[in-house]
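Everything on this sheet refers to the single structure shown next.
The values are calculated or read from the model by the stated rules, or taken from the named source; none is laboratory data. Every value quoted in this text rests on a predicted model; they were computed, and no experiment measured them. Here the Cβ is made from the backbone with ideal geometry for all residues, glycine too, and neighbour counts use every protein chain on show.
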Amino acid sequence: MTTEPHGARLSAAAAHGRLPYDRSRVTPGVVHLGIGAFHRAHMAVYVDDVLATDPSWGIIGASLRRPDTRNALAPQDFLYTLAVRAGADMTTRIIGSILDVIDAASQRPELIAAMTDPRIRIVSLTVTEKGYCHDPATGALDPAHPDIVHDLAEPHAPVSAPGLIVRALQLRRAAGMPPFTVLCCDNLPANGETAARIVTGFAAMRDRELAAYIADEVAFPSTMVDRIVPATTDEDRRLVEAATGLADAWPVVTEPFSQWVVEDRFGSARPPLEQVGVQLVADVRPYELMKLRMLNGSHSTIAYLGYLAGHEYVSQAIADPALRTLIRDLMTEEAMPTLAGELGDLGAYRDALIERFANPALKHRTWQIAMDGSQKLPQRLLGTIRDRLARGLPADRAALGVAAWMRYVTGVDEGGQPIDVKDPLAERLRAIADAAGGEPAKLVDAMLGVAEVFGHDLAGSAPFRRVLTGHLDSLMRRGAARTVRDFVRAG
Ligand code: CS2
């Protein structure tokens, strides 16, 4: 929920002259599904940079779950403030690339109309890992997912991202219009291929001929996205208003660093992204593996161990010398050796990541990153573990991150207080933990049996089970802080 601003409200009139382009000339070229803070601090900023050159790439955003973003931004003409913070420094900028935000739940016809507008050439997504209605371990569409079941029954009133995309592509084809490019911007392995698999898989459940059309005619380029964007707080709103003189119901706060690597494989026109710092490449995969395994694998490990050790923010957790050493060594000794050498000095990337995590200006909650771990672990930690095990090498640090997740989803913290575990599998994981009765070996066995997360191979790895059980036993008996300290000391 957002709090109502107090001062002069941000608006098109109030922001007059503060945009480097004439916003009245901007027309929509993109529909973005999942108009959350990350998109507004990342892709929407790159697009804002493009508009002075080409005003045909305005964004129509859509929220699939809640009307909060629309309710916050509509009174301010969908303008918002980008606040870039590092240490004591903060710069602010008004972003105008988002022209409208549609609340899908109450405005579905409007959303479908936007997606079938001939001016729309790209439909992009940040719907989070769980928005793809897939099995995280295999990447396959989950036909039993409630949203998929709904959209099969009501294909003209879809609620899921794949359902909306298939419906819009079907209507565009029937009207003789070209399709749009589907541009996935979520932290998934081979995210364009994953999006293609999910969309064509859903289409095939409805109409095999339509599925074949999508597979042949629709482009799904992969991307790697990177910018740390904590949830906005009321303190952020106060700081932004003090800096700009304009009250903004939902500014976004982020770091100076931003990276977007995009496979240059669009179905039709695309914005001149290379002019605004985006890397257009033939193969995103090396960049994506580097980011998912080094940044996101570290982030999730910090989230669970940090939360259990009592650190509310990432910057506090990484300030702990033992945890900082663990994370550095996780990247150096386990993640980096699984990555190809074509991206240069990964050590420098590692060191930059640790400095980014340490940014004290970003109140990035460990609890926020801990969300949806069942959807995140496969690409963030289990890929590293599988590659290491396949070479007969240890992955004890990555395994500690997994053990900390298992401890976290028991739903009870080290002080005996409840943990608000947000995860599509939260209830099931809690039931597993309760049935294990606090016995590490039992809990490991039962958790490794959750095939949506661990697949069917890891349960059979005796070395992995052994190290997991040892870590979990320590976490349960001695707590996260001491476990990390002793692990690092033992070298
Ligand atoms: C974070 C990511 O919340 C999370 O899971 O690990 O959102 C992370 O901040 C981004 O991937 C950074 O690019």
Matching residues in region 100-117 (more than 23 Å from the chain's Cα centre (by Cα) and in contact (Cβ under 8 Å) with a residue 40 or more places away in the chain) number 5
Based on this model, can you work out whether Pro162 counts as away from the ligand (no atom under 16 Å from the Cβ), touching a residue at least 24 places away in the same chain (Cβ under 8 Å) and either under 25 Å from Gly373 (Cα atoms) or over 22 Å from the mean Cα position of the chain (by Cα) (or both)?
yes
Original post:
Residue check: is Thr92 at pLDDT 95 or above, in a loop (DSSP other than H, G, I, E, B) and either within 20 Å of the chain's Cα centre (by Cα) or assigned by TED's automatic domain parsing to the domain that holds Pro179 (or both)?
Top reply: no
If we keep only residues of region 119-131 that are modelled with pLDDT of 95 or more and under 21 Å from Ala203 (Cβ atoms), then the residue nearest to the chain's Cα centre (by Cα) is Val127
Within region 229-271, residues touching a Lys or Arg at 6+ places or on another chain (Cβ under 6 Å), aliphatic (A, V, I, L, M) and within 18 Å of Thr128 (Cα to Cα) come out as Val252
Just one listed residue, out of Gly29, Gly58, is closer than 27 Å to Ala157 by Cα and touching a helix residue (DSSP H, G or I) at 6+ places or on another chain (Cβ under 7 Å), and it is Gly29
Within region 360-389, of all residues that are in contact with a helix residue (DSSP H, G or I) (Cβ under 6 Å, 6 or more places away or on another chain) and among the polar types (S, T, N, Q), the one surrounded by the fewest Cβ atoms within 10 Å (Cβ to Cβ) is Ser374
Exercise for the section: Might you let me know whether region 264-277 holds any residue that is out of contact with any Phe, Trp or Tyr (no Cβ under 8 Å at 6 or more places or on another chain) and within 11 Å of the ligand (Cβ to nearest atom)? Expected result: no
For helices (runs of 4 or more DSSP H) lying entirely in region 288-382, having 2 or more residues that are under 13 Å from Ile228 (Cβ atoms) and away from the ligand (no atom under 11 Å from the Cβ) picks out 314-318, 346-357
- request: Return yes when Leu280 is within 13 Å of the ligand (Cβ to nearest atom), of a type outside the set (Val, Ile, Thr) and either assigned to a helix (DSSP H, G or I) or closer than 22 Å to Phe38 by Cβ (or both) and no when it is not.
  value: no
- Val84: buried (at least 22 other Cβ atoms within 10 Å of the Cβ) and either in the same structural domain as Thr232 (by TED's automatic domain parsing) or in contact with a strand residue (DSSP E or B) (Cβ under 7 Å, 6 or more places away or on another chain) (or both), yes or no? no
Reported set for region 386-443 where residues are free of Cβ contacts under 8 Å to residues at least 24 places away in the same chain and at positive phi is Gly392, Gly411, Gly416, Gly437
Only one of Leu292, Leu239, Leu273, Leu280 is of a type outside the set (Ser, Thr, Tyr), buried (at least 22 other Cβ atoms within 10 Å of the Cβ) and at pLDDT 95 or above, namely Leu292
| message | Please verify whether Ala74 is part of a helix (DSSP H, G or I) and touching a His at 6+ places or on another chain (Cβ under 8 Å), treating the condition exactly as stated. | response | no
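Yes/no matrix, rows are residues, columns are (1) under 27 Å from Leu458 (Cα atoms); (2) buried (at least 24 other Cβ atoms within 10 Å of the Cβ):
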site	(1), (2)
Gly306	yes, yes
Gln316	no, no
Leu330	yes, yes
Ala352	no, no
Arg391	yes, no
Pro394	yes, no
Leu400	yes, yes
Here the residues within region 29-47 that are over 16 Å from Phe257 (Cβ atoms) and in contact with an Asp or Glu (Cβ under 9 Å, 6 or more places away or on another chain) are Gly29, Val31, Gly34
Q) Of the residues that make up region 213-220, is at least one among the aliphatic types (A, V, I, L, M), out of contact with any Phe, Trp or Tyr (no Cβ under 6 Å at 6 or more places or on another chain) and surrounded by fewer than 19 Cβ atoms within 10 Å (Cβ to Cβ)? A) yes
When restricted to Thr138, Thr81, Thr126, the only residue of a type in the set (Ser, Thr, Tyr) and farther than 30 Å from Arg9 by Cα is Thr138
